[in-house]
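Here, each number is a calculation from the coordinates, and none is a lab measurement. Everything numeric in this text was worked out from a predicted model, so none of it was measured. Ideal geometry is used to build each Cβ from the backbone, glycine not excepted, and the neighbour counts take in all protein chains shown.
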6 protein chains.
Amino acid sequence: MNNERYERGLEKLREVDGEMGDKVIEALDAISPDFGRLLIEFPFGDVYSRPQLSLKDRELVTIAALGAMGGCAPQLKVHVNGALNVGWTREEIVESFIQLAVYAGFPAALNALSGAKEVFDERDGND
Amino acid sequence: MNNERYERGLEKLREVDGEMGDKVIEALDAISPDFGRLLIEFPFGDVYSRPQLSLKDRELVTIAALGAMGGCAPQLKVHVNGALNVGWTREEIVESFIQLAVYAGFPAALNALSGAKEVFDERDGND
Amino acid sequence: MNNERYERGLEKLREVDGEMGDKVIEALDAISPDFGRLLIEFPFGDVYSRPQLSLKDRELVTIAALGAMGGCAPQLKVHVNGALNVGWTREEIVESFIQLAVYAGFPAALNALSGAKEVFDERDGND
Amino acid sequence: MNNERYERGLEKLREVDGEMGDKVIEALDAISPDFGRLLIEFPFGDVYSRPQLSLKDRELVTIAALGAMGGCAPQLKVHVNGALNVGWTREEIVESFIQLAVYAGFPAALNALSGAKEVFDERDGND
Amino acid sequence: MNNERYERGLEKLREVDGEMGDKVIEALDAISPDFGRLLIEFPFGDVYSRPQLSLKDRELVTIAALGAMGGCAPQLKVHVNGALNVGWTREEIVESFIQLAVYAGFPAALNALSGAKEVFDERDGND
Amino acid sequence: MNNERYERGLEKLREVDGEMGDKVIEALDAISPDFGRLLIEFPFGDVYSRPQLSLKDRELVTIAALGAMGGCAPQLKVHVNGALNVGWTREEIVESFIQLAVYAGFPAALNALSGAKEVFDERDGND
């Protein structure tokens, strides 16, 4: 039984992603409920819940990784929301993406900033 | 004249990377001194010196980005050193790379951890 | 003359991709008919038609590669269709993308699963 | 003061990208005016304005890099326009993307060609 | 308790990777024993042990993904060994990498073939 | 018969890569002579020999693509040599890689410059 990992993961997912986390899992229900369960158990139940790094720092790692890799616009938006949820300011998130211009190039930074803007606008009711 | 940007960048580079920063610039002297100057002026003089994100947070963004992208072993090692220099613990750096397994896959995490181990060993005099 | 490669490639393209293959070639006609010809001759005429690996295994290699690299949503969809055409089940295709979570990260797996779902829905007449 | 870099960069940006460059900067105003300034100063003020490579050759490097990396559709379109502005023909741009099939794979080439087609259609008033 | 996942994962790791799997875990002991445990539990205990795809097909997905992404030479070698262990022939592995030339480009194919050659030579005692 | 493509490709390969091209083909003989043949026939016989882009411009596209993608150090070195063989100066090649810093990030530029330096040193007899 991995009920414990699942429960811990679901709680952590909601702490980070709020209702967007539930939407990701719901969307997976239509294609692979198993993967929805794995997504809760491993990333959130196993990794995010480890005490060696704060949740706030984990979200910075996550948005930096997603922005640098590119090609993950939906996940980047979920985690820009997550970063705001765990205490990063809009200015700090924007600045993290400016920092990416150095390491991943200006297009990666521009695409990440564009995703951040969409999230900020949605939060402001401007979408 | 961009003396001011260069001076500010050189100071910031040394604050982050210590003597490894000087080595990167020296190595560039043999292939493109101009690029060495640009590297000091833009990333360090223009970006790292901006106050919107702490130097410590910038280094976390940097090692997360380098680890996620892969293929940047030398730069990853320079910035694992940098992350230690600005206050991250070995345990936190290791944990950041464990977090990458979720977003960039296990091979990216393994390669980043391998680079971190080399840096830790060098610092311990075990290289 | 490369009529032979072209004819062999066109037959193979249709065997794999069905009418979606024809659409790719038609779309190329508007920008580069030459590239449409090269696409038939080399990938399909030269590579896919080699006997060293079954067509079914080739399609698994292809969807794994496209899903892992990311950024190829249109091609991934063409080849999820191709994978179904040559005998893979929906469950096996989904499972291949779950396997990608380990090597390319969860976002790559999520994006590939999302592409697979679109193809399944189109096949079911739900688009 | 970096007025000089900014002025030189803005002029270069307009020489390359025409009014699309202004649109990129305007779009950045809504999310990070600072990044808009950095984008003018470093890429265009510092790099593009260096005499060691012609502007025409720089644009070829740029579209080849963007096409090979993938995931940069908006930037690729801006620079396909830029490449046309500085003297490359449509046929040469298409051929550069065909060349990418060898090094970055057929999907990267197809995506780049698709971006090029959109630009050509927009220029022809067919969008 | 996740003893069950760990035990199932260790068994699967050994089935796929033989003694090379043990070496990967040993190497991780020196930098992060926790990550060694996670590597056994999630990829091997959770994913590889799912019945929806055969172990043989999983290894084909894995070498295709690693070869296409590039930058994972050590992991690619482990899994070329794994692919041989679960029943793929050398010729089929080589052919899978030839197939990658179409989707990830010739350099990716060349690098994967180079890794395969090293594995074959090591198995033949020619290293 | 594809003798004609092979002959044309071999001639083009030698024109671009000189004896390094022969070494690439020789190395492939030990793992996959078929892939050596495909490498001559498609990239060099089919693509490089097309008249729509000059050989000199093709090499610029190639080194820009390889440098931007990263992870292709051996192929990058072959084509830095190729770029020199078809008429680019060392300064122009270096400048192309500086340009990559904007689009692919500073690490990609540093790695490409490092590969260029190795080629220049080998040509100078300093390796």
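With θ set to phi - 60°, apply the Karplus curve 6.51 cos²θ - 1.76 cosθ + 1.60 along segment C:113-126 and write out the HN-Hα couplings as whole Hz, x wherever there is a Gly or Pro. For segment C:113-126, the Karplus-derived couplings read 4, 5, x, 4, 4, 4, 5, 4, 5, 4, 5, 7, x, 9 Hz, x marking Gly and Pro.
Between the residues C:LEU76, C:ALA65, C:GLY9, the greatest Cα displacement towards the positive end of the dipole of segment C:1-86, with unit charges on the Cβ of Lys, Arg, Asp and Glu, is found for C:ALA65. Counting only Cβ charges, +1 for Lys and Arg and -1 for Asp and Glu, the dipole size of the protein assembly as shown around its Cα centre is about 0 debye.
Across all Cα atoms of the protein assembly as shown, the radius of gyration (one decimal) and Dmax (whole number) stand at 24.6, 67 Å. Both radii come from the Cα set of segment E:1-91: Rg as radius of gyration, Rh as Kirkwood radius; their ratio Rg/Rh reads 0.96.
Among chain B residues, the one whose Cβ is nearest the axis of the rotation from B to F, given with its distance rounded to whole Å, is B:GLY71, 2. Converting phi to 3J(HN,Hα) with the Karplus coefficients 6.51, -1.76 and 1.60 and the offset θ = phi - 60°, segment F:28-34 yields 5, 3, 7, 10, 7, x, 4 Hz in sequence order, with x at every glycine or proline.
Between the alpha-carbon centres of segment D:109-127 and segment F:12-34 there is a gap of 36 Å. Comparing F:ASN126, F:ALA109, F:GLY36 along the charge dipole axis of chain F, the residue lying farthest to the positive side is F:ALA109, per the Cβ-charge model. In terms of its Cα atoms, segment F:1-52 spans 34, 25, 14 Å along the principal axes, sorted from long to short. Take A:ASN3, move 7 Å from Cα toward the beta carbon, and the resulting point lies 1.9, 7.2, 7.2, 7.3, 7.6 nm from the same point in each other copy, nearest first. For a label point 7 angstrom out from the Cα of D:GLU19 toward its Cβ, which stretches of segment D:99-122 have the backbone nitrogen within less than 17 Å? Answer for segment D:99-122: D:119-122.
Ranked from shortest, the separations from the 7 Å Cα-to-Cβ label point of A:SER49 to its equivalents in the other copies are 1.8, 4.7, 5.6, 5.6, 6.3 nm.
Annotation for D:ALA30, label-to-label distances across the other copies: 2.7, 2.7, 4.9, 5.3, 5.7 nm (shortest first, one decimal, point 7 Å from Cα along Cα→Cβ).
For segment F:45-127, the square roots of the Cα gyration tensor eigenvalues, ordered a ≥ b ≥ c, give a/c of at least 1.5 with a/b no greater than b/c, which places it in the oblate category.
Charge dipole (Cα centre; +1 on Lys/Arg Cβ, -1 on Asp/Glu Cβ; no other charges) of chain D amounts to roughly 340 debye.
Summarising the label geometry, the points placed 7 Å from Cα in the beta-carbon direction at E:THR89 and F:THR89 lie 5.5 nm from one another.
What residue among D:LEU38, D:LEU76, D:LEU55 shows peak mean-square fluctuation when chain D is described by a Gaussian network model with Cα springs under 10 Å? The residue that fluctuates most here is D:LEU38. Over 18 Å apart at the Cα level, from the set A:LYS77/D:LYS77; D:LYS12/F:LYS117; B:LYS12/B:LYS56; A:LYS77/D:LYS23, are A:LYS77/D:LYS77; D:LYS12/F:LYS117; A:LYS77/D:LYS23.
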